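**Q** Pasting a structure here, questions to come.
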Amino acid sequence: MTPGQLLLFAVGGLSNAAYLFIVAAGLSLVFGALRVINMAHGSFYMIAAFVTVVIANQIGAQLGFWGGLLVAVAVTGAIGGLVEVLVLRRVYGREHLVQLLGTYAVSLVVAGGVRIVFGANYRTVASPIPGHVDLGGYSYANYSLFMIVAAILIGAGVWAMLYRTNLGRNIRAAVADPDLLNATGVNVTRLYTTVFVIGAGLAGLGGSIVAPSQAISSSIDTDVLVLAFAISVIGGLGSIIGSAVGALIVGMVVSYGLVNPRTNQFAIAFVFIIMTAVLIVRPRGLFGLPEN
Amino acid sequence: MAATMIVAACGSQPSGNQAVTFKGTKKVGYSAPLTGQSALYGHAVSQALNLAADDINAKGGVNGYKIEMDIQDDGTTVPQAVSNTKSMILQDNVVALMGSVTSAQCLAESPIAKQNKIITIDATCNSWQLTMESDVVNPYWISIVPNTYMEGTAAGRLAAGLGVNKIFIVSPKYLFGISETNAFVAALKKANSSVQIVNNPSTWYVPFPTNPRWDSTINAIQAAKPDLVYSNIFAADQINFVKQALAVDPQFFVKFPMTTLVSVDELNTLGSQYPLGMHAYMRAPFFALQDNNSRLADFITRYRAKYNGEYPSDWAVMDYDAFMLWAQAANSAKSFDADQVVKQVSGHTFDSLRGYKITIRPNELQANVGETIGTTTSSSAYPFPILKDSTNLKGDDLMMPLQMVNEIKGDQCDGTAGQPNTANFALCPSWKAS
């Protein structure tokens, strides 16, 4: 493999990692703060993708995409708020299986609703950032580079929110001891709603950003969820840095694994082998914190 | 006692406005990918089957019974397709099944249908193993879709005719992809032995259903710099691959032209974004089959009227044919019994929307259906590209030679006899001799 090809596949791996991290970030945030495994995360992602495509196709790819992105994040955040109030508040503190069933039920309702509203046909939208960069004899899509930058910004933004704001301090305090936080006058119930709205909005942001690069259908919610969970488990559920590292590992393993004749057949399996190994050696994930 | 039902045929149904009396209702089952990787196809097939059932019922149904479609979503997964098949046969008492979309699903459904003696008319999944390999074969399984041998042969001849030297292969990693790619390579090498496949055989296949990101394959193509890419990826995979490759370089498919399996669904979804100049092979594109074909023209009109102006995809055309073939055979048999209906199918000739009659070869119950090849070009008549210089290859010229069929059925071409999916036509004595 030449240096140019190494770079080509590295950028491919980064693009893949960015796509997965954008989706996994909100999932990880919600688990970290609320200790809820949100099976409906993909639903918010899917709703946002559809909203973005519909708006962008109505008023043009450039302005439409950015407008669609804002609307999609607002819509998914609002739906997330409703889901938190109507469903999650009834399952906090209960065993994970109940939470899984509750959020899974939400995902089924959303999937059915999306199919009724948007139909079965795939939808596509043109890229708002067309063009490509040529380097070393190979081409790189501007939009893939944008996705990499967007993933870095999202990761940095979530980290800054958690560790550099009052909201983040309260979220971390709520994870450690919600009763004590409540006693200090912080409305923990409202805090939980806020966290879930942010998590849903992040899923929406992911769906909007991914929309121009793939066919949008009523099944993209499940397409992405398995790998997103694998990333979160590898990196540590609840850890944004862990999700970034997990996404990087998965992106690179798939990118290099699929093109190598010796590893092609096992490229996807490697992801789950790594996940299993992490679960055996360090069950809380590479950067995860032990549960109280 | 069967209930007697009176229905009024309505709209532009073929028999006009007349009352039809039925002895009762019988169900025909279809495990459909209404969600998942192939949702696009399941949507089209379901619509065509419902239209076909309406048409048949307007003409009096089958053997005096009203036919009702029993369509259940399988999410493009094998386990759900198996579960649906069992439920349709054992609980809903279907009298016939329409074949599912992927060969992996059909491979799993076939033994259940065989065990319960339910005839299956298959118009989508198309691995030749389904009708030939003795470990798999089901005497009640009828294929009216060009199988992977026929389709791979058509693609191989198409690619060989382009005069290219270096070919890159990308294919989904399951029975269909492997079966069709093997046939493609065999036909290609037969026509042009000097052609070089530039990627290692172990990298021909991508996981199915795959990650929606195609960076690895797109980058591998850039690194290999082939003259031509051969692909049989389909539905969401093909749409994602094309979109992401065009983002890498709008000239991607000019630099690396493709010989690829396409259907109206992919063309319609991508519309003007679908690359022009693609060397496509298609199973039943309505726009290439409608010349002097009033039956297809009528179908298109009624399909579009019923389904919000949608154009019928290849899958819709073929599955409408599949339903009509079954209905005609069951009426001729005056029975729903699979043995009786198969007798009215095997060796018989049927009308088809495709503009020609199709005959079911008794040896493997495969129809001599053709394949359409051509190059994608823009169209002023449709909101998506069509084919220019299209040729409708005759099924008889693509079908597997009878001697080879018999050798496969006789386990003479089996890598591991007694195990499914181990037959390989390249191991057949007659193939080696040729």
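**Q** Say whether the condition of being touching a residue at least 60 places away in the same chain (Cβ under 8 Å), under 23 Å from B:ASN126 (Cβ atoms), of a type in the set (Ser, Thr, Tyr) and crowded, with 20+ Cβ neighbours inside 10 Å is met by at least one residue in region B:78-95.
**A** No, region B:78-95 has no match at all.
**Q** Condition test on B:MET69, is it under 16 Å from B:ILE119 (Cα atoms) and not in a strand (DSSP E or B)?
**A** no
**Q** Report whether or not B:ALA48 is under 16 Å from B:ASP314 (Cβ atoms), buried (at least 24 other Cβ atoms within 10 Å of the Cβ) and out of contact with any Ser or Thr (no Cβ under 9 Å at 6 or more places or on another chain).
**A** No: the conditions fail for B:ALA48.
**Q** For region A:163-266, list the helices (runs of 4 or more DSSP H) that sit wholly inside it and hold at least 2 residues that are surrounded by 24 or more Cβ atoms within 10 Å (Cβ to Cβ); which are they?
**A** Numbers: elements: A:166-176, A:178-183, A:188-210, A:220-235, A:240-259.
Result: A:188-210, A:220-235, A:240-259.
**Q** Could you tell me whether A:PHE196 is away from chain B (no Cβ under 14 Å) and at pLDDT 85 or above?
**A** So A:PHE196 fits the description; yes.
**Q** Identify the single condition in (1) without any contact (Cβ under 8 Å) to a residue 60 or more places away in the chain; (2) at negative phi that A:GLY185 does not satisfy, given that it satisfies every other one.
**A** That leaves (2) as the condition not met.
**Q** Identify, please: which residue in region A:128-145 is within 20 Å of the chain's Cα centre (by Cα) and facing chain B (nearest Cβ under 10 Å) and is, among those, surrounded by the most Cβ atoms within 10 Å (Cβ to Cβ)? Quick ask: steps written out before the conclusion?
**A** Pass one, region A:128-145, residues within 20 Å of the chain's Cα centre (by Cα): A:143-145.
Now narrow it down to the ones that are facing chain B (nearest Cβ under 10 Å): A:143-144.
Values: A:TYR143: 23, A:SER144: 27.
Per the stated criteria, the residue is A:SER144.
Listed here are the residues, each with its yes/no results for (1) touching a Cys at 6+ places or on another chain (Cβ under 9 Å); (2) not assigned by TED's automatic domain parsing to the domain that holds B:MET318.
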residue: B:ILE121; (1), (2): no, no
residue: B:LEU130; (1), (2): yes, no
residue: B:GLY156; (1), (2): no, yes
residue: B:VAL164; (1), (2): no, yes
residue: B:SER171; (1), (2): no, yes
residue: B:LEU188; (1), (2): no, yes
residue: B:GLN196; (1), (2): no, yes
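**Q** Follow-up. Among strands (runs of 3 or more DSSP E) lying entirely in region B:1-58, which contain 1 or more residues that are more than 30 Å from B:SER263 (Cβ to Cβ) and modelled with pLDDT of 50 or more?
**A** Filter on region B:1-58 gives B:19-22, B:24-32.
**Q** Condition first: under 18 Å from the mean Cα position of the chain (by Cα) and surrounded by fewer than 24 Cβ atoms within 10 Å (Cβ to Cβ). Now tell me which residues in region B:21-35 satisfy that.
**A** Selection gives B:LEU34 alone.
**Q** Does region B:276-330 hold any residues that are free of Cβ contacts under 8 Å to residues at least 60 places away in the same chain, among the acidic types (Asp, Glu) and either buried (at least 17 other Cβ atoms within 10 Å of the Cβ) or closer than 17 Å to B:ALA235 by Cα (or both), and which are they?
**A** Passing the criteria: only B:ASP314.
**Q** Looking at (1) away from every other protein chain (no Cβ under 14 Å); (2) under 30 Å from B:ALA220 (Cβ atoms); (3) touching a helix residue (DSSP H, G or I) at 6+ places or on another chain (Cβ under 6 Å), find the lone condition where A:TYR122 falls short.
**A** Every listed condition holds for A:TYR122 apart from (1).
**Q** Let me ask you something else. Report, by residue number, each residue of region A:122-140 that is of a type outside the set (Ser, Thr, Tyr), in a loop (DSSP other than H, G, I, E, B) and either under 21 Å from A:ASN16 (Cβ atoms) or free of Cβ contacts under 8 Å to residues at least 40 places away in the same chain (or both).
**A** Correct list: A:VAL125, A:PRO128, A:ILE129, A:PRO130, A:GLY131, A:GLY136.
**Q** When you check B:ILE386 against the structure, is it in the same structural domain as B:SER294 (by TED's automatic domain parsing), within 28 Å of B:PRO285 (Cα to Cα) and modelled with pLDDT of 95 or more, yes or no?
**A** Spelling it out, it is not the case that B:ILE386 is in the same structural domain as B:SER294 (by TED's automatic domain parsing), within 28 Å of B:PRO285 (Cα to Cα) and modelled with pLDDT of 95 or more.
The values are calculated or read from the model by the stated rules, or taken from the named source; none is laboratory data. All values reported here derive from a predicted model rather than from experimental measurement. Note that we place each Cβ from the backbone using ideal geometry, even for glycine, and neighbour counts take in every protein chain shown.
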